[in-house]
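The values are calculated or read from the model by the stated rules, or taken from the named source; none is laboratory data. Given the structure is predicted, the values throughout are model-derived calculations rather than measurements. All Cβ positions, even for glycine, are placed from backbone atoms using ideal geometry, and neighbour counts span all protein chains on display. Surface accessibility is based on the protein's heavy atoms, side chains included, excluding ligands, DNA and RNA. Shrake-Rupley method; radii C 1.70, N 1.55, O 1.52, S 1.80 Å.
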Amino acid sequence: MKKVCILLLAVQCYITGAEVLPDKLLSIKATFPFASSVLKPNVTPFDHCEKNVIPPNVYNIPEYEINLDLPAEERWTKVVSDRRAQIIALIENIKQNCDLLFGKSLFWMVNEFLPMLTETLPIEYRKELLGISSVTGLTVGEITLFNVFYEFFSVCTSIVARNENGVLYHGRNLDFGLFLGWDPANHTWQTTNLLKPLIVKLNFTQNNKTLYHSINYAGHTGILTAVKPGKFALSIDERFKLDGGYVGIAEWILGMRNQQWISFLTRDVMEKCNSYLCAQKMLSKPPLVAPVYFILSGIRPSDGSIITRGRNDFSIWPLGQKQRNQTGNWFLVQTNFDQWKKPPFYDDRRTPAIFCMDKEGNKDVSQTLKNVLSTRPVLNKLTTYTAIMSAQKNLLEVWIQSCPDPCWPW
């Protein structure tokens, strides 16, 4: 148990340094290799709103079917077989970065102890992870880490917006890879770049019918971004809290398993709920392993909300309730900080997003979202993809993002 606690503390220090130690973060920030170019005084995170953005290769993301009627071990075989080399490269990169920060003992503990966590997961998800491990040749511990990692460090932006005709659109940037290997030659995060080839569009089917669509990283079985046509769409953003997910993991390992894993809960919601209100209720109530923001949109003009979750509590910020410095009441913006608090100066994506949403207006919301989600620092060096969804329009567009210099590192 002592080694388990060491593992949990090491991973927590690694993935949540930005949330619990902002002063140290800023001192680290000043010493990174990108400091001399990206962080010069004359380089500001935000200086203008992008206009007339045309996404590159919107429909060139590989698409796969996840057939829920198949045995759980076989559902992901095609996806992970096609992306096996890229998944292995990603895990090796994470290993190298962990070795640099903590020494080789951390991944030894991952392989030693995370399979114990795998054995306690809901049976369907456990079997899926075992099947992915078998296809890739990676250990069960490594595959489990790959699947729970995103729950605790995805630095994202989500926006729900209503156009002037009452149609709701739901946009999101998924940012990942902070402090995971800076490439000084190309001014990029290594892990962020390794995730981009893993981006896939999935169609979950059952009884020969499509249930919902999602955007995933190949090998990650939970739901981070998804739309159920004619019903609702959702995305998740990490919530930075001092008592982050490591407490939940420790409790889970110690036998307190009434909590739910975030991305498995969202998958249950996508499979079981057929209305916005059902999804909102199901996301609000159960105890969670980690704090999070659920961003939800439906098909009625008022169906938009940010569900701010603690591990055992929740609050709902509805569409129409304005945030700080917001003029219009037709949109919601969520990053990684509570809506009722001022965002920290070292990571303020919310203020530029709100400013640009107000400036653009809601005449063509789909284009507005493309512009705003491509505006720096809403778009940054960590952004892997941008997605635009609408449950009412049965819409899911996604494209791989890049942020040429000058671009903020997060």
Item checked: Matching residues, the range 210-224, being without any contact (Cβ under 8 Å) to a residue 60 or more places away in the chain and either touching a Pro at 6+ places or on another chain (Cβ under 7 Å) or open to solvent by 10 Å² or more (accessible area, probe 1.4 Å) (or both) -> 210
Next item on the list: Within the range 116-137, track down each residue that is over 23 Å from residue 256 (Cβ atoms) and in contact with a Phe, Trp or Tyr (Cβ under 8 Å, 6 or more places away or on another chain).
Entry: 128, 131, 132, 135
Item checked: the range 50-75 - residue that is among the hydrophobic types (A, V, I, L, M, F, W, C) and at pLDDT below 95 and, of those, farthest from residue 367 (Cα to Cα) -> 61
Notebook entry, point to check: Which of the following residues is within 24 Å of residue 307 (Cβ to Cβ) and hydrophobic (A, V, I, L, M, F, W, C): 138, 129, 194, 168?
Noted result: 168
Note to self: For a quick check of your reading: which helices (runs of 4 or more DSSP H) sit entirely within the range 259-376 and have at least 1 residues that are over 19 Å from the mean Cα position of the chain (by Cα), modelled with pLDDT of 95 or more and more than 19 Å from residue 172 (Cβ to Cβ)?
What the structure shows: 262-272, 276-284, 350-360
Note to self: On the basis of being more than 25 Å from residue 234 (Cα to Cα), surrounded by fewer than 18 Cβ atoms within 10 Å (Cβ to Cβ) and in contact (Cβ under 8 Å) with a residue 24 or more places away in the chain, does residue 207 make the cut?
What the structure shows: no
Item checked: Neighbours by Cβ (under 7 Å, 6+ apart or cross-chain): first from the range 123-140, farther than 22 Å from residue 265 by Cα; second among the charged types (D, E, K, R) -> 135/84; 136/84
Margin query: Among the numbered criteria (1) charged (D, E, K, R); (2) touching a Ser or Thr at 6+ places or on another chain (Cβ under 9 Å); (3) closer than 19 Å to residue 379 by Cα, which one does residue 183 miss?
Written below: (2)
Next item on the list: Scan the range 197-204 and give yes if some residue there is open to solvent by 10 Å² or more (accessible area, probe 1.4 Å), over 20 Å from residue 62 (Cα atoms) and not in a strand (DSSP E or B), otherwise no.
Entry: no
Note to self: Condition check: open to solvent by 10 Å² or more (accessible area, probe 1.4 Å) and not β-branched (Val, Ile, Thr). Does residue 324 satisfy that?
What the structure shows: yes
Margin query: Condition (residue is among the small types (Gly, Ala, Ser), open to solvent by 20 Å² or more (accessible area, probe 1.4 Å) and over 18 Å from residue 362 (Cβ atoms)) applied to the range 277-292: is it met by at least one residue?
Written below: no
Check: Can you tell me which residue in the range 157-192 is nearest to residue 326 (Cα to Cα), limited to those that are acidic (Asp, Glu) and surrounded by fewer than 18 Cβ atoms within 10 Å (Cβ to Cβ)?
Finding: 164
Next item on the list: Output yes when any residue across the range 244-258 is part of a helix (DSSP H, G or I) and of a type in the set (Asp, Glu), and no when none is.
Entry: yes
Checklist line | Counted residues, the range 354-390 - those being in contact with a strand residue (DSSP E or B) (Cβ under 7 Å, 6 or more places away or on another chain), closer than 18 Å to residue 409 by Cα and of a type in the set (D, E, K, R) | finding: 1
Notebook entry, point to check: What number of residues within the range 377-410 satisfy the criterion of being assigned to a loop (DSSP other than H, G, I, E, B) and closer than 21 Å to residue 230 by Cα?
Noted result: 4
